[in-house]
1. When ranked by the protection proxy of mean other Cβ atoms within 10 Å per residue, highest first, what sequence do the peptides 146-153, 48-55, 78-85, 99-106 form?
2. Of the chain, which part is the longest with no trypsin sites (Lys or Arg not before Pro) in a loop (DSSP not H, G, I, E, B) and with at most 14 other C-beta atoms within 10 angstrom?
3. First compute the accessible area of the chain with a 1.4 Å probe, then give the percent of it belonging to carbon and sulfur atoms.
4. Might you tell me the accessible area per residue for the chain, computed with a 1.4 Å probe and given in Å²?
5. For the chain, what does -39500 (n - 2.57) per DSSP helix run (n ≥ 4), summed and divided by total residues, give at 222 nm, in deg cm²/dmol to the nearest 500?
6. So what is the relative contact order of the chain, in percent, for Cα pairs below 8 Å that sit 6 or more residues apart?
7. Using a Gaussian network model on the chain with a 10 Å cutoff between Cα atoms, which of PRO119, PRO218, PRO206 fluctuates the most?
8. Calculate the spin-label point distance for LEU217 paired with ALA13, positioning each point 7 Å from the Cα along the beta-carbon direction, and give it in nanometres.
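The values are calculated or read from the model by the stated rules, or taken from the named source; none is laboratory data. The structure displayed is predicted, hence computed values, not measured ones. Reconstructed Cβ throughout: ideal geometry from the backbone, glycine too, with neighbour counts over all protein chains shown. Each accessible area value is taken on the protein alone, full model and side chains, heavy atoms only, with ligands, DNA and RNA left out. Shrake-Rupley method; radii C 1.70, N 1.55, O 1.52, S 1.80 Å.
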Amino acid sequence: MKVQTSMAPVLHAMMLLVFGLHIGGGSVALVAGTIAAFARKGRRLHRAAGNVFFGAMLVMAAFAACLAIAIPGQLVNLFISAFTCYLVATAWMTVRRPAGAIGLPEKIALCVGVVLSAPFGIIAFQLATGLAPLFKSAIPFKGAVLIALYSFTGVLAIAVLGDAKMVLAGGISGAPRIARHLWRMCLGLTFAAGSAFTNGLARFLPGPYHVPTVFFLPQFLPVILLIVWMIRVRFTGWFKRRAIVRPA
């Protein structure tokens with residue numbers, strides 16, 4: 001009993017440190033991601049901000065995974081954290097790797113995506129059919145949370161299919177390469193904004209935990225930006241006029 005009492009302040013301090021690193025990583029990711037989104041594509045500022053965003057997202061997701069393990073009823077966030085790491089890592093690797101080439105990291109990423117698909121697919125199927133979910137959650141799987149879970153599952157399936165296609169083809173180049181980098185990075189920024197506003201700032205509001213409708217709006221801004229840029233890259237010939245040959 002004395003051992004537990006003496007360890008309590010240490011554990012509390014460690015939890016505060018983990019929370020601080022998680023929040024700090026997310027805050028840096030929001031700023032860096034916003035700069036990268038509006039900076040001139042392919043230039044030094046865009047590349048630097050993109051690298052900072054990538055690193056900050058990994059920090060945010062890694063410590064979110066620690067919290068998911070330490071806090072009861074948060075285990076589902078462990079898989080969401082892994083998915084976030086997978087998404088931004090594959091986006092970053094896309095432009096770090098020369099066009100039309102792949103290596104071992106891309107094959108490992110495909111395996112990771114396939115493995116992650118299992119828990120997401122199982123939970124989505126259970127919730128869709130009315131079965132008890134595989135993992136308990138402190139927040140009920142209903143409303144916006146349920147929609148988010150189905151969205152994660154669908155996006156992961158699309159990402160894994162894209163990885164499989166790229167690995168089988170031996171690489172990706174041209175406008176599809178930039179589009180792959182673009183949509184994965186923008187969705188990563190969407191996750192960061194959603195975590196900050198709906199899961200973070202909402203907890204500071206008075207009364208029981210609730211998320212005002214206005215707090216959902218920031219996470220839709222990267223999605224709107226994504227749609228605009230996807231149209232520009234894939235259908236307007238922008239890539240041919242302004243080919244990005246340096247890592248973003």
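1. Working: 146-153: 16.6, 48-55: 19.5, 78-85: 21.5, 99-106: 13.6.
Per-residue Cβ counts within 10 Å, averaged per peptide and sorted highest first, yield 78-85, 48-55, 146-153, 99-106.
2. Details: sites that count: ARG40, ARG43, LYS136, LYS142, ARG242.
Between exposed loop sites, the widest span is 143-241.
3. Working: 10190 of 13630 Å².
The value for the chain is 75 percent carbon and sulfur by accessible area.
4. Working: 13630 Å² over 248 residues.
With the other protein chains kept in place, the chain gives 55 Å² per residue.
5. On the way: 8 runs with 177 residues, N = 248.
When only DSSP H runs of four or more count, the value is -25000 deg cm²/dmol.
6. Details: 264 pairs, mean separation 55.0, N = 248.
Dividing the mean separation by the residue count of the chain yields 22 percent.
7. The residue with the greatest mean-square fluctuation here is PRO206.
8. Each label point is offset 7 Å from its Cα along the Cβ direction, giving 4.3 nm.
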